[in-house]
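The values are calculated or read from the model by the stated rules, or taken from the named source; none is laboratory data. Values in this document were obtained by computation on a predicted structure and should not be read as measured data. For neighbour counting, all protein chains shown are included, and Cβ atoms are generated from backbone atoms with ideal geometry for every residue, glycine included. These area figures cover heavy atoms from the full protein model, side chains too; ligands, DNA and RNA do not enter into them. Shrake-Rupley method; radii C 1.70, N 1.55, O 1.52, S 1.80 Å.
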Amino acid sequence: MKKKILFVLALSAVMSLASCGAADDGSADSKNAAAVTVTEGGEESAPAEETTAPAETETAETEVSSAAEESSAAETASAAESAAESSADSSASPTGVISTANGDITYDELVINGMANQTKDGVYYALVNDGGGAAGSTYYTVYTSEDGNTWEKSEHYYQEPNGDNTHLPLNDGRMLVFTYDSAYNEPYPYAWVLSLNGDAISVEEKQDFFSNVKYDDETPITEGGHMEYYVTYDGGYRITVTMTSENGNTLYKQFDLDPATLNLQV
């Protein structure tokens, strides 16, 4: 009887120990499962990543937005500076109205027509039409006073033949004038170099300015008959010449000018 009791007790102890072991194992599996859920990115970990991602995206968007605003502000400031510089340059020219026989005119309007310029010494001057006849037009000169605030009128006059004339104010203060179809019956456009000398206009004629120029097919421009011509100023000492003859010859070419003489470099 005692042996049966001891056996039963021993068996109960063994079963109890086995039960405790099974419970411990289950508890360990539960902890491991919880750890996987938090750290190893399983299906249950996705919500945690979704909650952190928007914060990072928002930060990045904020940084990009801030950078864009700074860039926009910098561009605006740069544009404002450029506008200020342009305005300063514009305001540097004389603003007084020039009274003429044909009405009042401003310096800027004369510049647009190629009839005004500024010397290297900073003196602004302009040619004002004073009328003329069949042969030509007469111009008088106006120039800025020493203080740069008023216009002075010269007593000297400059005469220019009537015709197909083009006026190009150069950056160095001189003017390059072309004349064609005038009373001189030129075979090609003649050139005139104008410069302000004191209060008078100095004139240098260059009748042979285009004498060595040929059309694109190597035909001399004197052999194409009557022509239409255009000369544009490209800045510095460079011009572009376009010529079209009545015979169909054409020329379109950019030329350099000699800085000292303004002769055409062919």
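Would you report the distance distribution of C-alpha pairs in segment 106-250 as whole percents per 5 angstrom bin, up to the bin with the largest distance?
Answer for segment 106-250: a P(r) of 2, 9, 17, 21, 18, 14, 9, 6, 3, 1, 0 percent.
With a 1.4 Å probe and all protein chains kept in place, how do D256, D216 rank by accessible area, largest first?
D216, D256
Of all the accessible heavy-atom surface of segment 154-231, with the other protein chains kept in place and a 1.4 Å probe, what percent is carbon and sulfur? The partial results should precede the final answer.
On the way: 1450 of 3740 Å².
Roughly 39 percent of what the probe reaches on segment 154-231 is carbon or sulfur.
Where Lys and Arg each count +1 and Asp and Glu each count -1, what net charge lies around T250 among other residues with Cβ under 14 Å from its Cβ? Please report the intermediate quantities before stating the final value.
Details: positive: K214, K253; negative: D216, D217, E218, E223, E228, E246.
Once all neighbours under 14 Å are counted, the net charge is -4.
Each residue of segment 109-120 in order: what ³J(HN,Hα) in whole Hz does its phi give by Karplus 6.51 cos²θ - 1.76 cosθ + 1.60, θ = phi - 60°, with x for Gly and Pro?
5, 5, 4, 4, 7, x, 10, 8, 6, 10, 6, 4
Step through the residues of segment 168-177 one at a time and calculate ³J(HN,Hα) from phi using the Karplus curve (6.51 cos²θ - 1.76 cosθ + 1.60, θ = phi - 60°), rounding each to whole Hz and writing x for Gly and Pro.
Taking θ as phi minus 60°, the curve returns 10, x, 9, 5, 8, x, 8, 10, 10, 10 Hz for segment 168-177.
List the residues, sorted by chain then number, that are 5 or more residues from S137 or on another chain and whose placed amide H is less than 5 Å from its amide H.
E160, N162
Treat segment 203-253 as a sphere of radius equal to its Kirkwood radius over Cα pairs and apply Stokes-Einstein at 4 °C in a medium of 1.567 mPa s; give the translational diffusion coefficient in µm²/s, rounded to a whole number.
110
What does the extension gain come out to for E228 and E152, with contour length at 0.36 nm per residue minus their alpha carbon separation?
Value of the extension gain: 23.6 nm.
Simple spin-label model, 7 Å along Cα-to-Cβ: N212 to T250 in nm?
Once both label points are built, they end up 2.6 nm from each other.
In square angstrom, what is the accessible area per residue of segment 101-237 with a 1.4 angstrom probe?
With the other protein chains kept in place, segment 101-237 gives 51 Å² per residue.
State whether segment 164-253 is rounded, prolate or oblate according to the following rule on the C-alpha gyration tensor (a ≥ b ≥ c being the square roots of its eigenvalues): a/c under 1.5 gives rounded; otherwise a/b larger than b/c gives prolate, and the remaining case gives oblate.
Judged from the Cα gyration tensor, segment 164-253 comes out prolate (a/c at least 1.5, a/b above b/c).
What list of ³J(HN,Hα) couplings, whole Hz, do you get for segment 180-186 from phi and the Karplus terms 6.51, -1.76, 1.60, once you set θ to phi - 60° and write x for glycine and proline?
8, 6, 9, 5, 6, 6, 5
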